[in-house]
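A.B. asks: Attaching a single structure in structure tokens format; questions to follow.
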Amino acid sequence: MTIYKAMARTPINYLLALSLATAAGAAVAAPAKPAAAGTAAKAVASTTANLPGTVLDQVVAVANDQPILQSSLNDRLAQVRSRLQSQGTPLPPIADLRHQVLEHLITQSLELQAAKQQGIQVSDDDVNRSLSTIASRNNLTLAQLPQALAADGQNYTTFRRTIHDQMVIHQLEQQAVASNISVTPAEISNYLKNQSQNQGANVRYHLAQILIPFPSNPTPGQANKTLAEAQKIETKLKKGANFAAMAAAKSAGPQALNGGDLGWMTGSELPTLFTDAVPKLKVGELSKPIAGAGGYHIVKLIARHEQSGPKTTEYKIKHILIKPNPVRNSAQSKALIEKIRKKIVSGKLSFSDAAKQYSDDPNSAGNGGDLGWHSMTSLPPSFDKVIPNLKPNTVSQPIRSRYGWHLIEIAGKRQQDQSKAKQRHDAYEALFQRKFKEQMAQFKRSLRDQAYIHILDPADRGSDNGSQ
């Protein structure tokens, strides 16, 4: 058992969590002082051994007054393993991945508790609308969705709860973080001034990161220990370890279970602590560990794209997106989009009609897949080599991105001068997103620092992040 934070008193509802766990046949232990953690862990093992009957479930962690069950951990672990395999990412050691998934479940529990405290609610009708959208994108009705999920080994009740929780957390992030962000006209002007003086502003970077976190209120010795761990990981990566697998196993970043992928950003959009290191990296190269407020970051430059001159090439794009989901895995999604392409190329279906019928992009499907005019800087990196070489009104081969599988059709091409209004709008968006990411990370760290967390999972190796 790992005790993350010892408070002056046990949370009032902790006993309720223990009662729920015991009622489920789980093995639990009462809060222990940090010095007695070893004794408490032995007591848990002893209690487990002496429980009569069959254990139906087990509490693997308690976040404040909320238990996290073994079944939830196993379900999420299976989902993450499946996603990593579909992305072609080598699986990290199961103990490391299990620990990472448990950490994410703890953070999710804390976010849901914060949402409840702030009175955030999502109605059954809201959830039904989201589920109906998911069902329709798979050519199903809402009534048919439970059976389709069951055929794929998914539990409808669990899936519905997952969608509900995602909607609640999204509202929390908007209310607690996004609504408090302001971008002033002076900040926009300074941003544009720096951009005009900085050649790197016209460079787009595709980055991934591994974040090795500091414990809460780290001492100099703990900070040095974190640096040593980051340097150890850097060495393994330079010797050939897979970056995405290492991120899934070790990173505390929000995209850890997605291989640490941060996506694309321009030089002006880089987090402040990356601005010195990233422009100097070559494609495929790693940074040295970079100190930040939350720990040490190791950044990898996956790709870069440069644009020159005041004019920007823009393309009028249509697309069809087929996303893997609990009903349809990545291979099945690819097979479906290949089938759709054959119908379009043979003339049996127009691109617009195919988008309306099949596309999983709710923002463009109703418009026949029309995305409007875009420069390459605003598109997924997997489009880079396809769009400039695609002839107008022809259909691309299936393209894979982090979102799923795409078909692309180019309806037009133009050279466009950026208006001052658009420049200021883009500057506002870049500054807003930078602030949102930074404040979101601070918000989650604050939830963890203020929480009472017990790790009871016997298979978990524990963590130095905030342990006392």
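A.B. asks: Whole-Hz ³J(HN,Hα) for each residue in the range 231-240, computed from phi via Karplus 6.51 cos²θ - 1.76 cosθ + 1.60 with θ = phi - 60°, x for glycine and proline: what do you get?
C.D. replies: 5, 5, 5, 4, 4, 4, 5, 5, 8, x
A.B. asks: I would also like to ask the following. Among all the lysines, which ones have a C-alpha under 23 Å from residue 225's C-alpha, if same-chain residues fewer than 8 places away are not counted?
C.D. replies: List returned: 5, 236, 238, 239, 250, 288, 300, 444.
A.B. asks: What whole number of Å gives the distance from the Cα centroid of the range 273-333 to the Cα centroid of the range 190-267?
C.D. replies: So the separation of the two Cα centres works out to 12 Å.
A.B. asks: Among the trypsin sites (Lys or Arg not before Pro) in the range 265-354, which ones are in a DSSP loop with at most 10 other Cβ atoms within 10 Å of the Cβ? Mind listing them?
C.D. replies: Values: sites: 280, 282, 300, 304, 311, 316, 318, 328, 334, 339, 341, 342, 343, 348; in loops: 282, 348.
Answer in residue order: 282, 348.
A.B. asks: Which trypsin sites (Lys or Arg not before Pro) in the range 373-428 pass both tests, a DSSP loop state and at most 10 other beta-carbon atoms within 10 Å? Before the final figure, lay out the partial values.
C.D. replies: On the way: sites: 385, 400, 402, 413, 414, 420, 422, 424; in loops: 385, 402.
Within the range 373-428, the qualifying trypsin sites (Lys or Arg not before Pro) (loop, at most 10 other Cβ atoms within 10 Å) are 385.
A.B. asks: At 7 Å along Cα-to-Cβ for each site, give me the label-to-label distance between residue 219 and residue 429 in nm.
C.D. replies: Once both label points are built, they end up 4.8 nm from each other.
A.B. asks: Quick one: net charge around residue 57, please, counting Lys, Arg +1 and Asp, Glu -1 for every other residue with C-beta under 13 Å from its C-beta. It would help to have the intermediate numbers written out before the result.
C.D. replies: Numbers: positive: none; negative: 75, 457.
Overall, the nearby charge balance is -2.
A.B. asks: Highest mean first, what order results for 160-170, 67-77 on Cβ atoms within 10 Å?
C.D. replies: Details: 160-170: 16.7, 67-77: 19.4.
Final packing ranking: 67-77, 160-170.
A.B. asks: Then there's this: Could you calculate the FRET efficiency of residue 96 with residue 420 from 1/(1 + (r/R0)^6), where r is the beta carbon distance between them and R0 is 41 Å, rounded to 0.05? Provide the component values of the computation, followed by the final result.
C.D. replies: On the way: r = 50 Å, r/R0 = 1.21.
Computed FRET efficiency for residue 96 and residue 420: 0.25.
Just so you know, all these numbers are worked out from the coordinates, no wet-lab data involved. In this text the structure is predicted, and so the values were computed from the model without any measurement. Every residue, glycine among them, receives a Cβ derived from its backbone with ideal geometry; neighbour counts consider all protein chains shown.
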